[in-house]
Amino acid sequence: METHVKRLILLLALAGVVAPAAPRGQSPPAVAIRGATILTVTKGTIPNGTIVLRAGKIEAVGANVAVPPGAQVVDAGGRFVSPGIIDAHSHIAADSINEGGTTVSSMTGIEDVLDPTDINIYRDLAGGLTVANILHGSANPIGGKNAVIKLRWGKTRAKELLFEGALPGIKFALGENPKDMRQFGQQGPRRYPITRPGVEFVIRDAFTRAKAYRKSWQEYERRRTAGEDVLAPRRDLQLEPLVGILEGKRLVHAHGYRADEMLMLIRLAEDMGFKVATFQHVLEGYKIAKEIAAHGAGASTFSDWWGYKVEVIDAIPHNAALMVRKGVLVSINSDSAEHARRLNSEAAKAIKWGGLSEDEAFALVTINPAKQLRIDSRVGSLEPGKDADVVVWSHHPLSSYAIADRVYIDGTLYYDRLAEAGRLTQLKKEKETLLAAEQPDRKSPTTTDPQTQPR
């Protein structure tokens, strides 16, 4: 039985049903990638440069960097090296993420349902993606808490994917999605709200309650510190994340398309005393770019998605570039496991649609999303001291010919295209051997005169 199970697993892996294993083995004490064109993102481009990775960090990067003794040397002549791609809006490694039964689902969290075996982690890693912001769905005016992960493919425990120290966030949603749950297959009567003003009221009401809740805890702490014997207020898991927002400890990532609804949330946030960290999708952002910039919000948008529902009728492919020119911190995201495999190409479209420079375009999927997620001190560019999240490309990453050859996360090699090709070739040979061994003996068919058969 055990032999048959092993054979079945092997055959499923070859069919793409079971995910391939991550590269194994211990990491060398240091890795030196040399001879490449290095795109630092923040410190310019270094031709024929060397980058040294040690203990999970970038130790050195430059044109005249010495290779440490004992380091594993990777010859990247003719190739390009960049920081890992960062996706500010993803849903990989999570499933069933719309808590549609309530309008405010801030008590829920993506961290609790991460699936480290999701094959999309591997596929997106192979596209140069190293960090992703995994968001709750858009069924609720105030949705669940997010989880920022590193694509450490092969880890078996969900918590091993988490980006340690990333500032927590939460998903908000405006417009058609939170006001019409029927599109998500919601059963039973329609749930409030069913209008855009209703969505606004739900958010305003929730923060009004959160302020009162925070005040009750502040009063409790004041009296307790004064030596009074008082009971603590009842904990409210729905309101605690909103208190975190009011205190600047949790980021708001707000799904929104239309200019009017995004302006509404800006006014509401400023009235309630918090900031919107990013508008997600923000396809009419070009109409209110000055207002978004003045509020201090970022914009994480698509490169050229439009026309797929009524809210995006005014979407244009120049949106990202126009917002950049107006001073908005802009990123290009995927919202799709498939698109996340080629976010580098999605960013390149901003050169055609809006005339951004190569550096500006590549920043849309590296340092800009890192800044939006408040993790730019760790990732998003190639600088000494930052996390060793590094991609070796066959061509410039903005080229349509670019393929990720190697992907490092924290200095560990998680994807090696050539090694993978060799592994798949070996698996194919093993499959052919197994099939040949299990092929039943074939006998020539026999024919029998039906008249001679017993009746």
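The values are calculated or read from the model by the stated rules, or taken from the named source; none is laboratory data. Keep in mind it's a predicted model, so treat the numbers as computed, not measured. Here the Cβ is made from the backbone with ideal geometry for all residues, glycine too, and neighbour counts use every protein chain on show. Please note that ligands, DNA and RNA were not included when accessible areas were found on the heavy atoms of the full protein model with its side chains. Shrake-Rupley method; radii C 1.70, N 1.55, O 1.52, S 1.80 Å.
Quick rundown of the values:
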quantity	calculated
Residue match in the range 402-412 (condition: among the acidic types (Asp, Glu), within 19 Å of Pro28 (Cα to Cα) and touching a strand residue (DSSP E or B) at 6+ places or on another chain (Cβ under 7 Å))	yes
Number of positions in the range 290-347 that are touching a His at 6+ places or on another chain (Cβ under 7 Å) and acidic (Asp, Glu)	2
Of residues in the range 186-239 being in contact (Cβ under 8 Å) with a residue 40 or more places away in the chain and assigned to a loop (DSSP other than H, G, I, E, B), the one surrounded by the fewest Cβ atoms within 10 Å (Cβ to Cβ)	Leu237
Hits in the range 305-314 - residues which are touching a helix residue (DSSP H, G or I) at 6+ places or on another chain (Cβ under 9 Å), modelled with pLDDT of 90 or more and surrounded by 16 or more Cβ atoms within 10 Å (Cβ to Cβ)	Glu311
Count of the range 343-372 residues which are outside any helix (DSSP H, G or I) and either open to solvent by less than 10 Å² (accessible area, probe 1.4 Å) or touching a residue at least 60 places away in the same chain (Cβ under 8 Å) (or both)	4
Selection status of Ser377, open to solvent by 10 Å² or more (accessible area, probe 1.4 Å) and free of Cβ contacts under 8 Å to residues at least 12 places away in the same chain	yes
Candidate set: the range 26-40, residues that are of a type in the set (S, T, N, Q) and assigned to a loop (DSSP other than H, G, I, E, B); chosen: the one surrounded by the most Cβ atoms within 10 Å (Cβ to Cβ)	Thr40
Failed criterion for Lys43 (all others in (1) part of a loop (DSSP other than H, G, I, E, B); (2) crowded, with 21+ Cβ neighbours inside 10 Å hold)	(2)
Count of the range 385-404 residues which are surrounded by fewer than 20 Cβ atoms within 10 Å (Cβ to Cβ) and more than 13 Å from Gly56 (Cβ to Cβ)	7
Residues satisfying the stated conditions in the range 168-185, i.e. open to solvent by less than 20 Å² (accessible area, probe 1.4 Å) and either polar (S, T, N, Q) or modelled with pLDDT of 95 or more (or both)	Gly169, Ile170, Lys171, Phe172, Ala173, Leu174, Asn177
Any hit, the range 283-296, residues being within 18 Å of Ser90 (Cβ to Cβ), crowded, with 23+ Cβ neighbours inside 10 Å and of a type in the set (Ser, Thr, Tyr)	no
Residue, most open to solvent (accessible area, probe 1.4 Å), within the range 95-146, restricted to residues that are modelled with pLDDT under 95 and more than 22 Å from Leu242 (Cα to Cα)	Asp95
Subset of the range 99-129 [under 19 Å from Leu343 (Cα atoms), β-branched (Val, Ile, Thr) and touching a Phe, Trp or Tyr at 6+ places or on another chain (Cβ under 8 Å)]	Ile121
Any chance Ser90 is open to solvent by less than 10 Å² (accessible area, probe 1.4 Å), polar (S, T, N, Q) and farther than 18 Å from Pro241 by Cα	yes
Pairs, first hydroxyl-bearing (Ser, Thr, Tyr) in the range 242-262, second part of a loop (DSSP other than H, G, I, E, B), C-beta under 7 Å, six or more apart	Tyr257/Gly175; Tyr257/Leu283; Tyr257/Glu284
Members of the range 152-167 that are within 29 Å of Leu237 (Cα to Cα) and either outside any helix (DSSP H, G or I) or open to solvent by less than 10 Å² (accessible area, probe 1.4 Å) (or both)	Thr156, Arg157, Leu161, Leu162, Phe163, Glu164, Gly165, Ala166, Leu167
